[in-house]
Structures are given as C-alpha cells and as structure tokens.
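The values are calculated or read from the model by the stated rules, or taken from the named source; none is laboratory data. These numbers come from a predicted model, not from an experiment. Positions of Cβ are generated from backbone atoms using ideal geometry, with glycine treated the same way; all protein chains shown enter the neighbour counts. Accessible surface areas use protein heavy atoms only, side chains included; no ligands, DNA or RNA. Shrake-Rupley method; radii C 1.70, N 1.55, O 1.52, S 1.80 Å.
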Amino acid sequence: MSAPAPAPAPALIVVPPDLPRDWLDPVFDHPGLEVIVGLDALPEARQPELVGLMCLLSTPIDEALLSRFPALRVVANVAVGYDNVDTAACLRHGVRVGNTPGVLTDATADLAMTLLLAAARGLVEAREDALAGRWQKWKPDRWLGVELRGAKLGVVGLGQIGYAVARRASAFGMDILYHSRSPKPEAERSLGARRCTLDELLAASDFVSLHVPLSPETHRLIDAAALARMKPTATLINTARGAVLDQDALIAALHAGRLRAAALDVTEPEPLPPEHPLFSAPRCLVLPHVGSATATTRRRMTELACANLIAGVEGRALPAAIDLGAG
Ligand code: DGY
C-alpha cells in the first residue's frame with residue numbers, strides 16, 4: 001500500500017494590520033491558508049511564497065511591490081476605487097485584482113448628501129460663530145442657507161454612487177443633471193435626470209457632486225477653468241478622489257468669492273496636514289475620507305475583499321474583479 005500524499009502547504013496570504021480581527025474571520029477560518037498580518041511581518045525569506053495580498057487604498061500596488069512577490073496571484077483592495085493599483089503592472093505580472101463595489105454605495109451616498117446639506121445650511125460656520133460668542137440673539141437674517149427644493153444638482157459620473165446621490169437629492173425636490181460617458185435611461189425615467197456636457201452641467205448647477213473614479217482622464221477634471229464655469233452661488237461636493245479637483249484653484253475661487261462653498265471628503269494628499277490652506281479656506285468643509293465609514297459598510301467591504309482573496313488564491317473567478325485590460 002502506497003503512503004498517503006502529503007497535504008499541500010497552506011497558501012500564504014497577507015492582510016492589513018488595520019482591520020479588526022473579527023472582520024477577517026473568513027480568511028482566518030478558511031482551510032488551507034496561512035495568514036500573516038501586515039507586510040512588515042512577512043519575513044524576507046518568505047516573500048517568494050506570497051500568493052494573496054489584501055490591501056487598503058493607501059497601499060500603492062506598483063511595479064516595485066509586485067516584483068518582490070513572484071508567486072502573487074491576487075490583490076484584494078478594500079475599496080471600490082483602485083487608483084492605488086497600477087493595473088498595467090498587475091496584468092504584466094499575472095496578478096488579478098478585486099475591489100469592493102456596491103457594498104459601500106449607500107454609506108457613501110449618505111455622506112455626500114450630508115455634505116450637501118451641511119454646505120447648503122452653513123452648519124460649520126454657524127457652529128463656529130456660536131462657539132466664538134457671536135450668537136448674541138436670534139436674528140432673522142443671520143446664518144441664512146439655501147433651499148434644496150427646486151435647486152439643480154449636477155452629478156459628475158452617474159455610476160452606482162452618483163445614482164444613489166441623485167435618488168436622495170431627488171427626494172429632497174432637487175432637479176438632477178448628470179454628466180456620464182453613457183446615457184442612464186433608468187435615471188432619466190425615474191428621476192427626470194437630464195444628461196448634459198460637463199460644461200453645461202457646471203454652468204447650470206447650484207450643487208455639483210463628483211463621483212468619477214480617478215484616472216488619467218479625470219485627473220484635475222475640475223480645474224480653474226471648470227470652477228470658473230460654475231455659478232458664484234454654486235457649491236462643490238467631492239466624495240470621489242482628491243486629485244479629481246485642482247485644490248489650489250478651489251482655494252483661490254473660495255477666497256475670491258467665486259464659489260459659494262465646498263465640502264470635501266477626499267483630498268490630495270491624504271491625510272491632509274492640519275496647516276493645509278484648504279482647512280482655512282472660507283466656507284470649505286473638509287472631512288478625513290469617511291464616505292464609507294459605518295461599521296456595517298466597512299465590515300462588508302472587508303468581507304468582499306476576503307471573498308476576492310480566497311477566490312483568487314483558489315484560482316476561481318473573483319466575486320468583484322477589476323477589468324485590468326480597461327487600464
Ligand atoms: C473607496 O472604496 O474607494 C472609498 O473611497 C473608500 O471608502
């Protein structure tokens with residue numbers, strides 16, 4: 001009788017150290033995986049064995065990283081945006097990449113709407129005035145915001161999140177304009193949304209909300225010229241990526257009173273240093289990239305990343321794969 005074949009060695013994977021341990025149960029509980037927490041904890045001698053890597057959007061997945069791990073088969077990004085990933089390099093190295101679409105749509109759309117409402121009613125300035133002792137009596141003409149009903153919202157990029165924002169804004173009585181590569185008949189039918197060029201959208205909107213992924217085509221899409229097309233009474237919301245916007249041009253527009261307000265959940269760089277002029281620009285609300293930050297959503301993102309990682313290690317189709325050919 002021949003001896004039983006030895007069990008295959010477990011596949012080596014690395015997960016980020018910043019995720020709560022129980023969100024990662026799917027990989028820790030999965031048979032056949034050896035899980036190391038944090039790339040820094042991976043001994044150099046074992047780098048050639050690494051098969052799967054889970055990463056956050058702050059980790060660049062580039063040529064330098066990929067060439068350290070010749071056995072790497074899959075990268076699972078715990079984010080829907082993947083501008084941290086050099087897709088061409090992944091294609092060259094035969095590494096598949098997963099992301100986390102869908103599960104963060106509602107949380108991110110809620111946050112975009114929160115920013116829109118906060119900017120519309122000047123919440124930050126009103127609170128600062130109150131704290132600074134400038135709330136002396138109730139004054140009918142003080143802290144006047146703008147109404148949403150009848151205002152125009154221009155959605156730049158009507159993907160899942162853009163559409164979810166448009167649905168919310170429509171429920172507040174806003175008229176929806178959108179700029180998107182392809183027409184969105186469902187949004188046109190159900191929300192009365194109207195597709196237009198970016199220039200038309202910028203010129204007509206009272207609020208502009210950015211929802212495009214960061215790519216070479218969208219880098220600084222909203223530059224000084226684009227900001228100059230916006231109404232001086234308009235408000236800009238960015239929950240996409242900081243580099244979609246020319247921040248210096250935005251700061252100049254706010255100081256010159258050429259834009260009513262801005263509310264940003266994303267910046268360039270991240271984290272934004274506290275002394276950055278965006279923080280002191282007038283009527284500018286800046287948040288530390290919290291669009292998807294609910295416990296439910298962050299756990300779902302991690303679980304989808306776990307599913308991508310396991311599928312990639314086992315050579316199956318990823319539940320949410322990035323099309324690397326699309327660049
Ligand atoms: C993403 O997933 O791309 C977000 O920016 C992080 O929530």
Self-check item: Net charge dipole size for the chain [Lys, Arg +1 and Asp, Glu -1 on Cβ; Debye, nearest 20]
Solution: 1180
Quiz item: So how tilted is helix 295-313 from the main axis of the chain? Cα-based, degrees 0 to 90, rounded to 10.
Solution: 40
Quiz item: Three principal axis extents, largest first, for the C-alpha atoms of segment 105-286, in Å?
Solution: 51, 34, 29
Self-check item: Helix-only [θ]222 nm of the chain, DSSP H runs n ≥ 4, -39500 (n - 2.57) each, per residue, nearest 500
Solution: -9000 deg cm²/dmol
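Quick check: from the Cα gyration tensor, does segment 194-246 come out rounded (a/c under 1.5), prolate or oblate?
prolate
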Quiz item: Once the Cα atoms of helix 105-120 and of the chain are each reduced to a long axis, what angle between those two axes, in degrees from 0 to 90 to the nearest 10, is obtained?
Solution: 20
Self-check item: Whole-number D in µm²/s for segment 172-268 (Stokes-Einstein; Kirkwood sum over Cα pairs; 4 °C, 1.567 mPa s)
Solution: 94
Quiz item: P(r) for the chain: what percent of alpha-carbon pairs falls in each 10 Å bin, starting at zero?
Solution: 6, 24, 28, 21, 13, 5, 2, 1, 0, 0
Practice problem: Find, among the trypsin sites (Lys or Arg not before Pro) in segment 276-327, those assigned to loop by DSSP (not H, G, I, E, B) with at most 14 other beta-carbon atoms within 10 angstrom. | Solution: 316
Self-check item: Average accessible area per residue (Å²) across the chain - probe 1.4 Å, nucleic acids and ligands excluded
Solution: 49
Quiz item: Which residue fluctuates the most in the chain, going by a Gaussian network model with Cα springs under 10 Å, if the choices are 180, 209, 190?
Solution: 190
Quiz prompt | DSSP bridge pairs, the chain: antiparallel proportion in percent, nearest 5 | solution = 0
Quiz item: Of the heavy-atom accessible surface of segment 105-286 (probe 1.4 angstrom), what whole percent is carbon and sulfur?
Solution: 55
